[in-house]
1. Using a cut-off of 12 Å between alpha-carbon atoms, which aspartates and glutamates can reach Lys271, once sequence neighbours fewer than 8 places away in the same chain are excluded?
2. If R₀ is 30 angstrom, what is the calculated FRET efficiency for the pair Glu53 and Leu341, using the beta carbon separation as r and rounding to 0.05?
3. Per the helix-only calculation at 222 nm, which mean residue ellipticity applies to the chain, given -39500 (n - 2.57) for every DSSP H run of n ≥ 4 and division by its residues, nearest 500 deg cm²/dmol?
4. About the Cα centre of the chain, what is the dipole size in debye to 20, counting +1 per Lys and Arg Cβ and -1 per Asp and Glu Cβ, all else neutral?
5. Seen from all sides and averaged, what is the projected area of the convex hull of the Cα atoms in the chain, in nm²?
6. Quick one: accessible area per residue over the chain, 1.4 Å probe, rounded to a whole number of Å²?
7. What is the percent carbon and sulfur in the accessible area of the chain, measuring with a 1.4 Å probe over the protein chains and ignoring ligands?
8. Roughly how far apart, in whole Å, are the Cα centres of the stretch 220-294 and the stretch 300-342?
Amino acid sequence: MSGVLRKLANVTVLAHRLDDDSPADAFLADAQRYRRELLAHCYRMTGSLHDAEDLVQETYLRAWKSYEGFQGKSSVRTWLYRIATNTCLTALDGRQRRPLPSGLGNPSSSPTDEISEHHEIPWLQPLPDSADDPADPSTIVGTRDSVRLAFVAALQHLSARQRAVLVMREVLQWKAAEVGEAIGASTAAVNSLLQRARAQLDAVGPSQDDEIAPPDSPHAQNLLRNYMAAFEAYDIDKLVELFTAEAIWEMPPFDSWYQGPEAIGDLSRYKCPAEGPGDMRFIATSANGQPAAAMYMLNRETGRHEAFQLHVLEVQPGGISHVVAFMELSLFEKFGLPAVLS
């Protein structure tokens, strides 16, 4: 049986079993409340929304199969995180990291250069924000910070075990002994992995001094509205005014990336398939704890605006500092967005 068919079979079995009345099934039904945070955990580990969804499903399947061995020595939440972490470690064995174009080590590109797509690279993907975030503001802020695109992109530079240790220690706030027990390592090994992970993250990660505006802040919402309006009006001069001096623009699966408002403006003038006002339309959303916008491009043959790119913005006090424009159309469905605008 192929891997895809096996997954489908496992999902079907699990769905049927959850209709039964056994203790394991009752346990799993109750454990569904942790699904969203487990998705975020698997996403931090893999950098892939698609993989994270599969790994969460695999986590619940493994939990159901091994329920008889669960003796209540830890909380259900802790037990699920242990299973999810080891499921991720197994899945990541031998896999390439998921970069953004700016993380490939190449210098920024000229907007007049030719651009080329590279679908063979497993690019980093965005994560939809949850519509049912916890009410506790500190929990919301902590979750947003730990799934920011820049942070998840930096995690990709770590080995899988370094990634697991750093996330469990720094994000989940587990003790070193608890992490060691979860991944089968000594406390000394965990501390060593954490030290190396922190050093690596300091070298490639986002600055701790970055003031990132949350997606629901008035400043971020205002910039997002102006950003969408400038594109829809095809007003490139207005668009350029929204960016900080060192702003970065990238759009996987193209491996080129651009820095500075003028370069971003020229890219929009020379490479964007739009011809004028009205060719682009947007729907506001949020991803990775950041404001986001779904772009729809006019198809002149059908007269309809069709899904084109998902833009994830990083907003700082001085303006928009980073945009990643994802061109993976399957993401629109994952974000609950239509494929076509009426």
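1. Hits, sequence-local ones excluded: Asp113, Glu114.
2. For R0 = 30 Å, the calculated efficiency reads 0.70.
3. Helices in the chain give a 222 nm mean residue ellipticity of -14000 deg cm²/dmol.
4. Charge dipole of the chain: 1200 debye, to the nearest 20.
5. For the chain, averaging the hull's shadow over all directions gives 19.4 nm².
6. Computed with neighbouring chains in place, this is 47 Å² per residue.
7. Carbon with sulfur: 49 percent of the solvent-accessible area.
8. One Cα centre to the other: 10 Å.
The values are calculated or read from the model by the stated rules, or taken from the named source; none is laboratory data. No experiment lies behind these values; they were computed from the predicted model shown. Please note: Cβ atoms are built from the backbone with ideal geometry, for glycine as well, and neighbour counts cover all protein chains shown. Accessible surface areas use protein heavy atoms only, side chains included; no ligands, DNA or RNA. Shrake-Rupley method; radii C 1.70, N 1.55, O 1.52, S 1.80 Å.
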